[in-house]
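Here the structure comes first, spelled out in structure tokens, and everything after it is commentary.
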Amino acid sequence: MYKDTGTTPPLTGWRGFLAGLGITVRPSATETRHAEERALVATQWAGCRTLAVVNGKGGVGKTMTTAMLAAVYAREGGGTVLAWDNNDTRGTLGWRTEQGLYDTTLRDLLPAAPGLLTPAAGVSDISRFVHHQSADRYDVLRSNPELLATDQRIGAGDFDLLMQVAARFYRLVIFDSGNDESAERWLRMIDSSYQLVLPTLANPESAESAALLLDALRGRDERSAALADRAVVLVTQSEPTGTTAARRIADGFGGHVRAVHTIPFDPALKAGPLRFDTLRPRTRDAWLSAAASAAEGL
């Protein structure tokens, strides 16, 4: 029986030119690695998988990381990916992503959740409560950045109910988390996650915050310790000249987590809407590699 391994012929450079002429050419090592990474991020798991993007410090790239990972998984794996703004305070995922047809947030989904779990609920009913990203193919479940934390705090029971809805409609959920590591919804997110991704900028303060969080998780319980050991750390260059600092911080995490990646500086990530197509090729490749590493833990 023929088995399609998913391997594609070379697409770039002189190898791609010869392949276009019908001449058989082996893919380069880089093309082979990218093909393997695409196969990993396109995996269709049995049951919903969950990935939490965490760091107790604000402004370190959690929202950016959530959006870029969601884009990679949805574009390569065929949609049904949810980016969930699990934030008691003013989460910015809704500000940096495309708004859908309805101006709804997590607070609107919560009272509708029991109905969405009935046999009568249709697959498109969830669309009233999420915001589809037309180019990147994932959906966003927004918090409301205009409300105070006291007006949108949810407990463990509400989180579990929303998670049941997410698991019914999506194969992968990526949590963009807040900075309050004592919040019920934050702790429940950790308990519900298969994989952790810790973003940090190439500076000591945000790297120390990530390291302290890993230490705290290792002291919390056995499952949290396992998540910390299997975590993926992403070191992002926030400025064009930060290559050496990023590499130094990445090296510092080596041996303490399962994988460490550096994300090069890209002006498209600094501010404004987050769109995968606007990234430089080198940046897209870096996000593909990061997503593939995280997928290995799912």
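The figures follow:
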read-out: Filter pass, residue 291 being over 22 Å from residue 97 (Cβ atoms) and assigned by TED's automatic domain parsing to the domain that holds residue 180; value: no
read-out: Whichever residue in the stretch 261-283 is charged (D, E, K, R) and surrounded by fewer than 17 Cβ atoms within 10 Å (Cβ to Cβ) and, among such residues, is farthest from residue 37 (Cα to Cα); value: 270
read-out: Which listed residue, of 121, 166, is on the phi < 0 side of the Ramachandran plot, out of contact with any strand residue (DSSP E or B) (no Cβ under 7 Å at 6 or more places or on another chain) and of a type in the set (A, V, I, L, M); value: 121
read-out: Residues of the stretch 226-277 that turn out to be part of a loop (DSSP other than H, G, I, E, B) and on the phi < 0 side of the Ramachandran plot, as a count; value: 18
read-out: Any hit, the stretch 44-64, residues being in a helix (DSSP H, G or I), closer than 22 Å to residue 125 by Cα and at pLDDT 95 or above; value: no
read-out: Residue among 201, 141 that alone is touching a Leu at 6+ places or on another chain (Cβ under 6 Å) and within 30 Å of residue 76 (Cβ to Cβ); value: 141
read-out: Pairs with Cβ under 8 Å, 6+ apart, first in the stretch 51-62 and under 19 Å from residue 298 (Cα atoms), second basic (Lys, Arg) and outside any loop (DSSP other than H, G, I, E, B); value: 53/62; 54/62
read-out: Members of the stretch 226-260 that are among the charged types (D, E, K, R) and either buried (at least 19 other Cβ atoms within 10 Å of the Cβ) or modelled with pLDDT under 95 (or both); value: 239
read-out: Any chance residue 195 is crowded, with 19+ Cβ neighbours inside 10 Å and touching a Pro at 6+ places or on another chain (Cβ under 7 Å); value: no
read-out: Looking only at the stretch 56-93, and only at residues there that are β-branched (Val, Ile, Thr) and over 21 Å from residue 45 (Cβ atoms), the one that is farthest from the chain's Cα centre (by Cα); value: 89
read-out: Matching entry among 89, 32 (being of a type in the set (Ser, Thr, Tyr) and assigned to a loop (DSSP other than H, G, I, E, B)); value: 89
read-out: Hits in the stretch 169-188 (condition: in contact (Cβ under 8 Å) with a residue 60 or more places away in the chain and more than 18 Å from residue 58 (Cβ to Cβ)); value: 169, 170, 171, 172, 173, 174
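Residues are listed down the side, and each one gets a yes or a no for (1) surrounded by fewer than 22 Cβ atoms within 10 Å (Cβ to Cβ); (2) farther than 24 Å from residue 39 by Cα; (3) not β-branched (Val, Ile, Thr):
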{"residue": "118", "(1), (2), (3)": "yes, yes, no"}
{"residue": "123", "(1), (2), (3)": "yes, yes, no"}
{"residue": "131", "(1), (2), (3)": "no, yes, yes"}
{"residue": "144", "(1), (2), (3)": "yes, yes, yes"}
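The values are calculated or read from the model by the stated rules, or taken from the named source; none is laboratory data. Just so it is clear, the model here is predicted, and its values are computed rather than measured. All Cβ positions, even for glycine, are placed from backbone atoms using ideal geometry, and neighbour counts span all protein chains on display.
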